[in-house]
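Shown next, in structure tokens, is the structure this report addresses.
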């Protein structure tokens with residue numbers, strides 16, 4: 001790649017605030033990193049705009065979980081360069097951590113920073129811009145407005161599980177955890193900024209631990225601490241495994257301010273495939289954890305990921321997965337055809353499944369997922385639900401707005417509002433009346449908080 005490119009500085013008396021735009025791909029952990037990056041750039045005096053707008057800096061927060069994710073990352077980097085060929089374009093995150101040479105070879109890309117060093121990108125951008133915080137035009141209009149509904153807060157990242165198909169331990173590194181006091185501080189900061197829901201996220205949050213005195217704090221301890229030390233109105237956690245589901249954790253999930261929703265990545269419902277994947281549980285353990293959760297938290301929604309077409313997967317093993325998915329009754333199913341990642345054991349396994357077979361199996365399992373989601377939606381019809389409203393989904397012909405938001409158990413709800421009524425970041429109690437798009441349509445609010 002050519003020598004590092006910087007933007008030509010203007011005299012301080014005519015300089016305007018540099019504009020930046022961020023495109024984040026992939027997981028909720030990336031979304032948390034994006035929030036931290038956005039905050040740092042704004043504090044430095046830069047102005048955020050939408051990714052489709054012209055900017056002086058474009059940042060693509062990449063994902064590398066599949067080859068498709070890599071391709072999507074490259075597409076967004078090229079798009080950024082086309083929008084402003086003079087802009088700085090930064091590729092950050094998991095893709096640069098795994099394959100930095102591929103990104104350095106792209107002429108559109110100026111900055112390449114991996115996941116572990118992601119925090120350094122702000123200093124590099126400011127240096128390339130030759131930007132001094134105090135030298136900006138404070139009268140410049142703000143083009144991008146961030147909603148204040150749900151804040152992602154990273155409590156942990158990294159993984160040492162080394163599943164045979166997964167590149168994430170290489171991309172994210174060894175597990176690192178955030179100190180409990182720092183998590184509480186960030187949650188309180190989110191409350192002070194107007195957020196009403198916080199999502200505690202990480203590569204695998206169920207593995208969270210922090211030494212304190214003669215004991216080790218686990219995820220349940222952290223949840224209890226956050227609930228006791230802050231007034232956050234809704235607290236949600238992301239990825240947990242069956243081994244983390246014990247009585248204390250279940251009791252906390254049942255707390256009135258906890259969102260009754262967990263994402264538990266199954267990956268396969270076949271014992272033999274799970275062993276080839278080197279997952280750390282079996283279907284018996286998974287089934288027991290789900291049963292215990294539903295016994296104590298009846299309205300809980302459990303969502304999952306499944307890989308189809310793993311090397312050697314037979315028709316019988318795929319049928320076992322379909323049967324197990326139906327038995328678990330997941331609220332939502334994310335289905336991924338197996339994508340071999342270079343330097344993972346699964347990429348070199350014999351009996352790779354033909355792409356057409358993988359696509360057929362993915363379509364079949366997605367159809368099962370659609371059936372299960374429809375059943376999840378149907379269980380809420382006629383019931384009163386509490387929704388945190390996020391944004392306007394569409395304008396209705398009669399002048400009203402159709403807002404959308406989520407319940408604690410992650411059901412998307414569409415709520416009609418009167419003309420001029422602002423429901424953003426409000427909790428509303430509504431009655432769900434009919435299926436609508438990816439969720440339910442509700443009557444006008446019964447109560448607004």
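The values are calculated or read from the model by the stated rules, or taken from the named source; none is laboratory data. Given the structure is predicted, the values throughout are model-derived calculations rather than measurements. Ideal geometry is used to build each Cβ from the backbone, glycine not excepted, and the neighbour counts take in all protein chains shown.
General remarks:
- One residue from 294, 287, 248, 275 being in contact with a helix residue (DSSP H, G or I) (Cβ under 9 Å, 6 or more places away or on another chain) and more than 16 Å from residue 220 (Cβ to Cβ): 287
- Selection status of residue 45, more than 25 Å from the chain's Cα centre (by Cα), assigned by TED's automatic domain parsing to the domain that holds residue 16 and not in a strand (DSSP E or B): yes
- In the stretch 26-60, residue modelled with the lowest pLDDT [restricted to those that are within 30 Å of residue 347 (Cβ to Cβ) and touching a strand residue (DSSP E or B) at 6+ places or on another chain (Cβ under 6 Å)]: 28
- If you check 217, 200, 223 for being assigned to a helix (DSSP H, G or I) and either buried (at least 17 other Cβ atoms within 10 Å of the Cβ) or not assigned by TED's automatic domain parsing to the domain that holds residue 288 (or both), only one passes: 223.
- For residue 386: the one exception among (1) assigned to a strand (DSSP E or B); (2) more than 25 Å from residue 236 (Cα to Cα): (2)
- Filtering 243, 255, 261 for residues that are in contact with a helix residue (DSSP H, G or I) (Cβ under 8 Å, 6 or more places away or on another chain) and either modelled with pLDDT of 95 or more or not assigned by TED's automatic domain parsing to the domain that holds residue 206 (or both) leaves a single hit, 255.
- Residue match in the stretch 354-372 (condition: buried (at least 18 other Cβ atoms within 10 Å of the Cβ) and assigned to a strand (DSSP E or B)): no
Conditions (1) modelled with pLDDT under 90; (2) assigned by TED's automatic domain parsing to the domain that holds residue 172; (3) over 28 Å from residue 187 (Cα atoms), marked per residue:
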position	(1), (2), (3)
62	no, no, no
73	no, no, yes
93	no, no, no
96	no, no, yes
102	no, no, yes
109	no, no, yes
113	no, no, no
135	yes, no, yes
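- Selection count where residues are touching a residue at least 40 places away in the same chain (Cβ under 8 Å) and either assigned to a loop (DSSP other than H, G, I, E, B) or in the same structural domain as residue 117 (by TED's automatic domain parsing) (or both), scope the stretch 156-188: 10
- Any hit, the stretch 338-353, residues being crowded, with 21+ Cβ neighbours inside 10 Å and touching a strand residue (DSSP E or B) at 6+ places or on another chain (Cβ under 7 Å): yes
- Test: residue in the stretch 264-278 that is farther than 28 Å from residue 169 by Cα, in the same structural domain as residue 375 (by TED's automatic domain parsing) and over 26 Å from the mean Cα position of the chain (by Cα): no
- Entirely in the stretch 230-339, the strands (runs of 3 or more DSSP E) that have 2 or more residues that are closer than 16 Å to residue 165 by Cβ: 301-308, 332-337
- Residue within the stretch 426-437 that is within 21 Å of the chain's Cα centre (by Cα), surrounded by fewer than 20 Cβ atoms within 10 Å (Cβ to Cβ) and at negative phi present: no
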